[in-house]
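What follows is a set of notes on a single structure, which appears directly below.
Every number in this text was worked out from the coordinates using simple rules, so none of it is lab data. In this text, all values refer to a predicted model and were calculated from it rather than measured experimentally. Glycine also receives a Cβ, built like all others from the backbone with ideal geometry; neighbour counts cover every protein chain displayed.
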Amino acid sequence: MSGDMTHDEHGSVAVDEEHGHGVVAENPFADPGLPEHTPRLTDIDEKVARKSERIVAGLFLLSAIATIAFMVCYTEVPNNTSTIVNFFPLGAMSASNFALGITLGVALFAMGAGAIYWARTLMTDVEVPQERHLLESTPEDKAEAVAEFQQGMADSGWKQRPLIRRTLIGAMAVLPLPAVWILRDLGPQPGTTQRQTAWTAGELIINDASISLDGTRGRGIRPEDLQVGTLVSASPAAVLTAGDQTNNMMSMSAILLVRMNTVDIKSQQEIDWGYEGIVAFSKICTHVGCPVQLFEQQTHHMLCPCHQSTFDLSDNGRVIFGPAARSLPQLPITVNADGYLVAKAGFDQPVGPSFWERG
Amino acid sequence: MSTSTTNEEIVPTTLGGKASEYLDQRLGIAGAAKKNLRKIFPDHWSFMLGEICLYSFIVLLLSGIFLTLFFTPSMGEVTYNGSYTPLDGIRMSEAYASTLNISFDVRGGLLMRQIHHWAALVFVMAIMVHMLRIFFTGAFRKPRELNWLIGFTLFVMALAEGFCGYSLPDDLLSGTGLRILQGMILAIPIVGTYISYFLFGGLFPGTDIVPRLFTVHILLVPGLILGLITAHLILVFYQKHTQWAGPGRTNQNVVGLPLMPVYMAKAGGFFFVVFGFTALLGGLVTINPIWLYGPYVPTQITAGSQPDFYIGFFEGALRMMPNIEWNFWGHTLSPNILVPFAIVPGILFGGLAMYPFLEAWITGDRREHHILDRPRNMPTRTAIGVAGIVFYGVGWINGGNDLIAPHFNLSVEAITWVDRVAIFVAPAFAFWLTRRICFGLQRRDRDKVLHGRESGIITRSPEGQFSEIHTPLPQGDLHTLTSHEVHHPLTLTDVTDANGVPAPNLRLAKLRARMTRWYFGERVEKVSEEEYREAISSGHH
């Protein structure tokens, strides 16, 4: 503290306190130079320094103890889903994870805290200046470098032999191309696959909820299974035999079935493409392809949870809000001889997100 | 050059000394050690932000190596029979199954997964805050523009690395994130469909994307990040750290404490603090509980699903954009996707990368700067930065519109519309307000220089007037508060030569002059010596 006071009094501004008339030095804003160092308690009192030393050592010791505790917890705390700890406000968690996290965290934190406390209390805190040189080279150095470079250029004949220069530049320009070329087999050409779904006339509609765990069995849907206001996620029967193509097929061909009162449906085509008020729409959002899922029964609005594009399922799947630009495509449906809902035809347009070739 | 120095040769006796001698005879390390062991670094809390980036990256490397030992980067299908019974018998990819295995059956596996995820969030967040510090203090000015670009590249790579890692477990959330990415790639004109097919090996999702992203995530991007971090640090070391203005601190020196021992202990210790912090988070706070989401199925989704925070801006922009799409000549162009996916981030990130060069062009300043600016002393730069933060913030908030809506009982549509307006209005308002605040703060500094600090002592004059005695500032403070530069706008003179021929590049010069008026047209001048003398002698301090 006393250091600061001295500094103030010896500043170059002297003020006549009685009259408030000042005498100002040559440049009142000149740099007075580094302020005097203020010693810390640990610098002047060995007892305080000893205490610091003990705290640092204590933290290092704590770190070592926590490290050993970590290894003990690794073997001793059971790691299974039934051994959990539960405390406010973090909720339930694995006891093993909790014990390992706490011990590892303390081991690391105490190690760091010890080192920092050591630096702050016992190592020097006298700030010293170090000179900083301009990064730019001296003119002599620059001249020498340029001379060396020009000698090198002259030795190579780079300027005198333009044939070599041009062919080299040309060859170097094309050399990286194979790095792009060789990536061709990363995937197939799109062809028309982006336009195709698994839906063709007569394809049975499978209720997603009925598909077995192994994905090979599922049940069709009869019109009488669906009450007005019911929404069902459904797939083409082809997914049951798609094997490792199941996800690819789902991401193109997933549909929604919803039953409405025909009087609520605003479009005659939509009624015609449906069956007794049951209509089928692509489940894949026309924005960036998330499955649409949130259905408002009263308004017939279907919301995509990803970016809130909202479609009116009673009006040709028209977009009424959000970033999607196109209606959800409707799948024409009917019932087959067994009374199950089937596709009357495929989609009349590509489903899912827009793409350049879509048109 | 004299040979007598050999007589004074040090003969090492300790083990460390002998090892150093061994190395020196082969590598000549003494020269580097002599210069660098006691290298001075300035001290300020904001200088540790970059350290957090470095240390969280090391934590990511360490925890990531552990995770690769148990993770199977494959989309091959398996039936789960592990210890997490709610998913028993469910078909899933090997990637998802091995992530469940790491979470439930490998001891310490969940801890490492959670440390890895938390450290990733800390990494990106620390980079953002570190960059803002550099921006607002003008530390990007000459000679550090190149290091700004390296840092910017690191930022972009950190975002990419985070997204790749997030996508690897092949859970419902990560698969949905990939689906959105694929939908956006499809919107790229001409080549979008091809890029998507090459990236995913055909139709989405295919079976290639997880192993491919795995290579990108554990080899390609971290390798590049590691290389760039090394370059970044070498430049910090070589160009020496910037410092704040203050007594004894000039553009030609660096004032602080020596690397050995102070910063070795402080920085080394801080590594353990950051690591310990992420370990405690990993042990105590559940993050990304992929077992609750289930495996990725393209037809399923959960409402209210959110990406990691650093994707929120892009997500919000995608949600905000009105549904514009054009069809022409048998092709589809989707501004509703391209604007938030490419154009807005392009402007935001391009502007961020190029800002140092833009400002240098406007100010015409070619000098080296090692003293930091206080943000208030560069009001327009500070206002641009704050406007950028607000722009980013509005997009980010809109990324959570579906969570805000139920919490505050608002409609998603209303929030989106407010944000559609706010994305333009709020940054403009923030720009104006920030400049006002900066000018206000500068005037307060000016006042302090002229009249000193309020002492809290009230006196009453014989006439009955009350006034507070002001204590003049110590000279160190006077120097600190007046050491900044006040830039002035350019005025064009001699726009034509004697023959009436316009000067070359006149339009560019006019633009530059206009930019300097925008930057520096309104300003608070520094206290001149005359003003100061006047204030002192009039006694009103």
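Figures for the structure shown
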| item | result |
| --- | --- |
| Percentage of interatomic Cα-Cα distances in chain A larger than 39 Å | 63 percent |
| Charge-dipole axis of the stretch B:49-165 as Lys and Arg at +1 and Asp and Glu at -1 on Cβ define it, positive-most pick from B:100, B:163, B:68 | B:163 |
| Test item: B:314-327 mean partner chain Cβ contacts at 10 Å | 4 |
| Cα-Cα pairs of chain B separated by more than 35 Å (percent) | 53 percent |
| Nearest-ten-degree value, helix B:379-398 long axis tilted from longest Cα axis of chain B | 20 degrees |
| Relative contact order (%) - chain B, alpha-carbon pairs under 8 angstrom, separation at least six | 16 percent |
| Free-standing Cys residues across chain A, given no other cysteine C-beta under 4.7 angstrom | A:73 |
| About the Cα centre, charge dipole magnitude for chain A (Lys/Arg +1, Asp/Glu -1 at Cβ), debye | 2340 debye |
| Cβ neighbours within 10 Å from other chains - mean over B:105-111 | 6 |
| Averaged over B:475-488, number of beta-carbon atoms from partner chains that fall within 10 Å | 4 |
| Which of B:176, B:505, B:16, positive extreme of dipole for chain B (C-beta unit charges) | B:505 |
| Residues whose placed amide H lies under 5 Å from that of residue A:335, excluding near-sequence neighbours | A:342 |
| Relative contact order %, the stretch B:248-336, counting alpha carbon pairs below 8 Å whose residues are six or more apart | 11 percent |
| Ranked B:244, A:118, criterion: other C-beta atoms within 10 Å, fewest first | B:244, A:118 |
| Residues B:463, B:77 arranged by fewest to most Cβ contacts within 10 Å | B:463, B:77 |
| Total charge dipole magnitude, the protein assembly as shown, about the Cα centre, Cβ charges on Lys, Arg, Asp, Glu only, Debye to nearest 20 | 1320 debye |
| Cα-derived Rg over Rh, computed across the stretch A:198-343 with Rh taken as Kirkwood radius | 0.95 |
| Cα-based helix-to-principal-axis angle, A:162-174 vs chain A, degrees rounded to 10 | 50 degrees |
| For chain A, calculated [θ]222 nm from helices alone, where every DSSP H run of n ≥ 4 adds -39500 (n - 2.57) | -10500 deg cm²/dmol |
| Residue-by-residue Karplus 3J(HN,Hα) for the stretch B:512-523, coefficients 6.51, -1.76, 1.60, Hz, glycine and proline x | 5, 4, 5, 5, 5, 5, 5, 6, 10, x, 9, 7 |
| Phi-based couplings in Hz for the stretch B:417-424 (Karplus 6.51, -1.76, 1.60; Gly and Pro marked x) | 5, 4, 5, 4, 7, 5, 4, 9 |
| Cleavage-rule hits, GluC sites (Glu not before Pro), the stretch A:268-335, DSSP coil, Cβ neighbours within 10 Å at most 16 | A:276 |
| The stretch A:42-121: relative contact order in percent, alpha carbon pairs under 8 Å with at least 6 residues between | 41 percent |
| Most to least packed among B:178-187, B:443-452, B:156-165, A:160-169 [average Cβ atoms within 10 Å] | B:178-187, B:156-165, B:443-452, A:160-169 |
| Burial order of peptide ranges B:410-420, A:68-78 (average beta-carbon count within 10 Å, highest first) | B:410-420, A:68-78 |
| Phi to ³J(HN,Hα) by Karplus 6.51 cos²θ - 1.76 cosθ + 1.60 over the stretch B:318-328, Hz, x for Gly, Pro | 5, 6, 7, 5, x, 8, 8, 8, 10, 10, 7 |
| Reachable lysines, given that their alpha-carbon falls under 19 Å from the alpha-carbon of residue B:240 and they are not under 8 places away in the same chain | B:34, B:35, B:39, B:142, B:266 |
| Footprinting exposure proxy for B:378, A:172 (fewest neighbouring C-beta atoms within 10 Å first) | A:172, B:378 |
| Neighbour net charge for residue B:105 - beta-carbon separation under 14 angstrom, K R +1, D E -1 | +1 |
| Ellipsoid equivalent to the protein assembly as shown - semi-axes via the Cα gyration tensor, in Å | 59, 36, 32 |
| Net charge dipole size for the stretch A:42-121 [Lys, Arg +1 and Asp, Glu -1 on Cβ; Debye, nearest 20] | 80 debye |
